[in-house]
Amino acid sequence: FRYSSLIVIALVLVRWSFYTVDAAEFAYVTVLGEPTATYDGATSDSGAGLHVGWPWPIQIVQRLDRRLQQFDLPATELLTHDPEGKTIDKMILVEAYVLWRIADRDAVDRFVKRLGSPERARSILGPRINGQLGAAVAQLRMDDLVSVDPGGQPDATRVDDTVSRLQARLLDGLQMRVRDEYGIELVDIRLRRITYPAQVREEIFKRIRSERSKKVTEYQSEGDRQARNIESEAEEKVRDLLAQARFQEEKLKGEAETEALRIRNQAQSEDPEFYAFLKQMEQMMSILGDNKTMLLLSTHRPMFERLFQPPRPQVLPMEKK
C-alpha cells in the first residue's frame, strides 16, 4: 500500500509538472513567487504547446487572455461648456464602452504586477477614462454632441464629426500612458449613447419647441417676402404689357388715320365737286339733325338746290374699262 501511494503521488507530481499554453492566451510562470518566464500562445516556437516545469505549488502558471476584450463604462452625467453662462439643459448623459487587450508578451509582467487580473484592469481603467471623458466634454457645447434637427443631414454630420474627434482625442491622450503604466493597449473608446438626463428632458423639449416655432416664423416671413416679390414682379410685368399694348394701339391708330387721310385725299383729288357736295350734306345734317332746331327756309335756297340737283360723280378710268 505504501509503494502504491508513493507511485500515485509521483504521478500526480509529474502531471503537475506539465502544462500547455493555448493560442489565445499568455502564460505567466512564477517559481516560488519569482517570475521566470512568459509564453505567448500566438507563437509556436516558444509559446504555444506543451511545457514542463516544477509542480504546483512550487511553480504557478497564471493564464491571461491575449484576445481583444471589452467592457462598458457606467452611464455618467456630464456638464457641457456653456458660453452664455447658463446652466439649464446643459447636462448630458453619456454611455461608452472600451476595447482593450494586453499589449504583448513583454507587457505581461507589468500587467500582472500592477493589476493582476482583467477585473482589476476594468476597475482601474473605468474611472480614469470617465475622468478624461468628463474633462473633454466640458470643453464642448451641448449642441456639438446632440442633434436637435430631426432629419437634418448637415446637423447630424456635424455631430458625428464632433463625436469622432472626441473619441480620437480620448484614445490619443490615454493610449501611451496606459501602456506604459499597466501594459494595456487601448484599442478603442466608443461613445455608445449621448442623451439628456431625465430631470432636464422637459426643458430640452421646451427649447426644441421654441426653436421650431422660431423656424416657422422665419419660414412664414420668407414666404410673405417671396409672395410680395412675385406680386410686385407680376404687377410690373402687367404695366409693361399694358404700356406696350397702348403704344401699339396708338401706332396702329396713327397708321390707320394716315392711310385714311391718304385715301380720302386721293379720292377728293379725283372728284372735287362730289366731295364738296358731301361736305355740304354733312353740314346740313349737323344743322338739321337736332330735333330741337326748326328752320323755315324757302326751297329756292342754294342749300335745297343741291338736294334737287346733286352733282354727278365722275366716272373713274377703271370704271370706263
Worksheet item: Reachable aspartates and glutamates from K113, Cα under 20 Å, same-chain residues fewer than 8 places away excluded?
Response: E25, E34, D40, D65, D104, D180, E181, E185
Worksheet item: Over all Cα pairs of the stretch 208-250, how is the pair count split among 10 Å bins, expressed in % and running from 0 up to the last occupied bin?
Response: 26, 26, 18, 15, 10, 5, 0
Worksheet, complete the sentence: A correct Kirkwood calculation over the Cα atoms of the stretch 167-289 returns a hydrodynamic radius in Å of 25.2 Å
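If packing is taken as the average number of other Cβ atoms within 10 Å across a peptide's residues, how do 25-32, 114-121, 209-216, 49-56 rank, most packed first?
25-32, 114-121, 49-56, 209-216
None of the figures in this text is laboratory data; all of them are computed from the coordinates on show. None of these values were measured; they are calculated from a predicted model. Cβ: placed from backbone, ideal geometry, glycine included. Neighbour counts: every protein chain shown.
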